[in-house]
Amino acid sequence: MGGRGGSSHRQTAGGTAAIQTFLQNAYGANHANAVLAILQNAPAHIRALWEQYAAQFRATNMRRDEGAFYSPRDDSVHLHIPSVARGDAISTPYSVLFHEYGHMADYLIARGEGYSHISYSDLFQGVGAGGKPILRHGSAGGLLGRTAKDELEGHLSRMRRQNPNMTRDQAARALVSEARGKYSMLDRSDISDMFEGAGIGISHPLGAGHGLDYWSSRGNGKEIFAEILSAEAAHPGSLKAIKEYFPKTYQVYQDMMKARKKR
């Protein structure tokens, strides 16, 4: 988590107009126009998410770059918009903004279903009758995070099939080497964090991540949800890597997006 910034902004209108108003009040006209241009080319389910929840989004614009985060405690996204607009070695312009508001939307979806202080990604267990989401809070977490863990183990098994004498740690290193050879630092940043959160056992395996200690007290579903959402919106190279290494996890995410509209 980064530090806290200056003034906060919350709007009450709905739909496309709310997006424009929220972004303009929170970050100014230039940044608002840039984000709206990205949203115009984003998948329809992301535009729909922003149209539905922009009225409830809350922004705290930090005065300097001290990281970016969504805080459930004050129900606000904290970020330094000039830095987020530029991007960096592991993020494209504005992808961090979509990531952090992805976190906030994740909580808002759950809140709309009567769940407080927990995310939709931690509750979602699959699709039931009529395409409605099955929501349940359990110690194993949500289907999104569990699927990513299963896919990671599948990749490690694939590495060991190529060399049956490999230990799990050696298979993890081989997997990291494979992915590093396929994708740039920028495009592998999200799968790096996904590998880490799924239990690869290597901190910042592809040059990015939260660190192994981060996962000792939390599940991995919330980060996956935000990473896929931001990749879809503003980071096509990352989305390509996610689809290659976590295709089943990506399908769960798509099911989540479809099912939330059926509730």
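Place a label point 7 angstrom from the Cα of ALA129 along the Cα-to-Cβ direction, then list the residues of the stretch 219-263 whose backbone nitrogen is under 15 Å away. The answer is 263, whose backbone nitrogens lie closer than 15 Å to the label point. Between ASP150 and ALA37, the FRET efficiency from the beta-carbon distance, with R0 = 35 Å, is close to 0.40. Contact order, relative form, for the chain: 19 percent (alpha carbon pairs under 8 Å, 6 or more residues apart, mean separation divided by residue count). Pairs of Lys residues in the chain are counted when their Cα atoms are under 17 angstrom apart and they lie 8 or more places apart or on different chains; the count is 11.
Entry note, the stretch 31-145: relative contact order of 15 percent, from Cα contacts under 8 Å with a spacing of 6+ residues. Per residue, the chain exposes 44 Å² of accessible surface when a 1.4 Å probe is rolled over the protein heavy atoms with every protein chain present.
Where both residues lie in the chain, what percent of DSSP beta bridges are antiparallel, nearest 5?
75 percent
Element breakdown for the chain at a 1.4 angstrom probe: carbon and sulfur atoms account for 48% of the accessible area. Modelled label positions at ASN165 and GLU113, each set 7 Å beyond Cα in the direction of Cβ, lie 4.9 nm from each other.
The values are calculated or read from the model by the stated rules, or taken from the named source; none is laboratory data. Bear in mind the structure is a predicted one, so any value in this text is a computation, not a measurement. Don't worry about glycine lacking a Cβ; one is built from the backbone with ideal geometry, like all the others, and counts go over all protein chains shown. The accessibility values were calculated without ligands, DNA or RNA, using every heavy atom of the protein model including side chains. Shrake-Rupley method; radii C 1.70, N 1.55, O 1.52, S 1.80 Å.
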